[in-house]
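Read the structure below first, then the notes.
The values are calculated or read from the model by the stated rules, or taken from the named source; none is laboratory data. Every value quoted in this text rests on a predicted model; they were computed, and no experiment measured them. All Cβ positions, glycine included, derive from the backbone under ideal geometry; neighbour counts span all protein chains shown. These area figures cover heavy atoms from the full protein model, side chains too; ligands, DNA and RNA do not enter into them. Shrake-Rupley method; radii C 1.70, N 1.55, O 1.52, S 1.80 Å.
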Amino acid sequence: KQEVTQIPAALSVPEGENLVLNCSFTDSAIYNLQWFRQDPGKGLTSLLLIQSSQREQTSGRLNASLDKSSGRSTLYIAASQPGDSATYLCAVMVESGAGSYQLTFGKGTKLSVIP
Amino acid sequence: KAGVTQTPRYLIKTRGQQVTLSCSPISGHRSVSWYQQTPGQGLQFLFEYFSETQRNKGNFPGRFSGRQFSNSRSEMNVSTLELGDSALYLCASGTLWVTNTGELFFGEGSRLTVL
């Protein structure tokens, strides 16, 4: 059974700092890995998607890496801003038979960026 | 391009009642999946539908059911509500063809409170 762990559970940093969020998963047979952002009471916003054959993806100040063999991914946020405050969720997509796929999520890292 | 639309956004029910939630996927997306988010368990997979067929179901009791219509819109139903069913129910749509990235797009969710 796939399990996804995110460390730390919460993180508070001053504005402008660079930071790294960690995600680990137990089964390397993944289709892709996705990072999402969730604001309080809201749905999920997709940030970055890394295919299983890729090593990293970048979007603006965000960079995500994937090491499938070790079951790890990191999300790097450069020059953090108060608007980055949110919960960040890591999810791995696995094939579940009959052509179906499902996401297994970590519990998230709650990020607070202090002005 | 319109995103994933979920209705209703908020609802309050009492124990023993039933509830139906609706999800309209992004135009052209034929896969719709449902997730339950609670503070204790995080995000958990409920089921996935593709072309009106349930392809996969998570580890939830039979009180949780769903269906998908020919226009890809989906509904999920929870019967005999329990206090523990209080959660944010999220719907996600995607194409999930074999050549596709597998990216899922989430709606804003339906917040269910059971009293």
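Out of B:Pro61, B:Pro25, one residue alone is more than 30 Å from A:Ala9 (Cα to Cα) and either open to solvent by 20 Å² or more (accessible area, probe 1.4 Å) or touching a strand residue (DSSP E or B) at 6+ places or on another chain (Cβ under 9 Å) (or both). It is B:Pro25. On the stretch given as the stretch A:19-62, residues that are over 18 Å from A:Asp84 (Cα atoms), in contact (Cβ under 8 Å) with a residue 40 or more places away in the chain and of a type in the set (Asp, Glu) total 1.
Residue check: B:Ser72 meets all listed conditions (1) farther than 24 Å from A:Val4 by Cβ; (2) more than 9 Å from every other protein chain (Cβ to nearest Cβ); (3) open to solvent by 40 Å² or more (accessible area, probe 1.4 Å); (4) in contact with a strand residue (DSSP E or B) (Cβ under 8 Å, 6 or more places away or on another chain) but one, namely (3).
The residues on offer are A:Leu49, A:Leu62, and the sole one that is modelled with pLDDT of 95 or more and aliphatic (A, V, I, L, M) is A:Leu62.
This table checks each residue for (1) among the polar types (S, T, N, Q); (2) surrounded by fewer than 16 Cβ atoms within 10 Å (Cβ to Cβ).
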{"residue": "A:Ser24", "(1), (2)": "yes, no"}
{"residue": "A:Asp27", "(1), (2)": "no, yes"}
{"residue": "A:Leu44", "(1), (2)": "no, no"}
{"residue": "A:Leu75", "(1), (2)": "no, no"}
{"residue": "A:Pro82", "(1), (2)": "no, yes"}
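Here B:Gly16 fulfils each of the conditions (1) within 15 Å of the chain's Cα centre (by Cα); (2) not in a strand (DSSP E or B) apart from (1). Determine whether A:Glu15 is more than 14 Å from chain B (Cβ to nearest Cβ), of a type in the set (Asp, Glu) and open to solvent by 20 Å² or more (accessible area, probe 1.4 Å). Yes; evaluated as a whole, the condition is true for this residue. The C-beta contact set for the stretch B:52-64 (first residue within 13 Å of chain A (Cβ to nearest Cβ), second residue part of a strand (DSSP E or B) and among the aromatic types (Phe, Trp, Tyr), distance under 6 angstrom, 6+ apart or interchain) comprises B:Gln54/B:Phe47; B:Lys57/B:Phe47; B:Gly58/B:Phe45.
What are the pairs, 6+ residues apart or on separate chains, where a residue within the stretch B:34-48 that is at positive phi and more than 9 Å from chain A (Cβ to nearest Cβ) has its Cβ under 6 Å from a residue that is among the aliphatic types (A, V, I, L, M) and open to solvent by 20 Å² or more (accessible area, probe 1.4 Å)? Going by the 6 Å Cβ cut-off, there are no qualifying pairs.
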